[in-house]
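Before any comments, here is the structure.
The values are calculated or read from the model by the stated rules, or taken from the named source; none is laboratory data. Here the structure is a predicted model, which means the values were calculated and not measured. Methodologically, a virtual Cβ is constructed for each residue, glycine included, from the backbone with ideal geometry; neighbour enumeration extends over all protein chains shown.
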Amino acid sequence: MLQARLWLLLALLAGRWLCRGRAGLCQDGLEPREIWGGGTKCCPHCTWRAGDATPCEASPDHDCKCPEGFGCSDKPCQFCQRLPRCEPGWEPRRIGTENFQFECKPCENGFYSSSRNSQCRNWTDCESSGYVTLRAGNSTHNSVCSLPVGPLERAWIPLEFPSSTILAILTAVAVFVLILLTFLLHFCIWSLRRDKKFPAADLGLSFPRPLPLQGEESHSIQFPEEEHGDKTAEEKISSLSLKVYSELR
């Protein structure tokens, strides 16, 4: 509860300070007042009751005769009428010479209004002041200017490759990969064919010879051992074992 009271007191002090600061812009007996079309003006102090929009007789200025949010409905300002609430991007305009009517109209191209009930203003011309346009203006915002980029800073800006260049690079990479795969396939086929041309005997591998059939045993025993001098040691052992086996039978 104490904290709420402290916050309320601070808010009242801040509001009073703002009012004093705003009133300090005008001379004694005058007060700043928002007028039609935007901006403020020092007007004589007038008190209006709630719902009362009669012109202030103490002020000869038409902009100060009506309270905020109202405007003179005729040239002598005998009556006040409520002004329309124009959104940003629009401006209030007065129509007529004797009797006035107010309406909201959009800002034309090259103009903007950033607050309610404000007049449309020209966009800032950045190039005429030696700057570059960082962001173009629209109906609700002014143009944003920036310092021109120097040659050294411009060199750091990455360049965007066009789509045709990217397509050419991708095509070259695809062709290279295809050629590489074709070369590897031919190399594998050549390796397989090369292995088939060299049998196991050419590689220095020796396999045991099969034993002779039974019909050939007697025929091999009839020849003397001298006739088989060109036999290898394994063949001699094989024939000797067959001879011993036949004698044991």
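For the reader, a short list of remarks on this structure follows.
- Residue in region 135-185 that is modelled with the lowest pLDDT, counting only those that are more than 30 Å from SER118 (Cβ to Cβ), assigned to a loop (DSSP other than H, G, I, E, B) and more than 24 Å from the chain's Cα centre (by Cα): GLY150
- Listed conditions (1) at pLDDT 80 or above; (2) surrounded by 15 or more Cβ atoms within 10 Å (Cβ to Cβ) are all met by GLY38, apart from (1).
- Where a residue in region 35-49 is under 13 Å from GLY69 (Cα atoms) and assigned to a loop (DSSP other than H, G, I, E, B) and its partner, wherever it lies, is of a type outside the set (Lys, Arg) and at pLDDT 80 or above, with Cβ under 6 Å and at least six apart: ILE35/ASP63; TRP36/GLY71; TRP36/LEU83; GLY37/GLN119; GLY38/SER118; GLY38/GLN119; TRP48/PRO67
- Taken over region 51-99, residues that are among the charged types (D, E, K, R), modelled with pLDDT under 85, in a loop (DSSP other than H, G, I, E, B) and within 27 Å of ASN122 (Cα to Cα) amount to 1.
- Residues (among the hydroxyl-bearing types (Ser, Thr, Tyr) and surrounded by fewer than 17 Cβ atoms within 10 Å (Cβ to Cβ)) located in region 52-86: THR54
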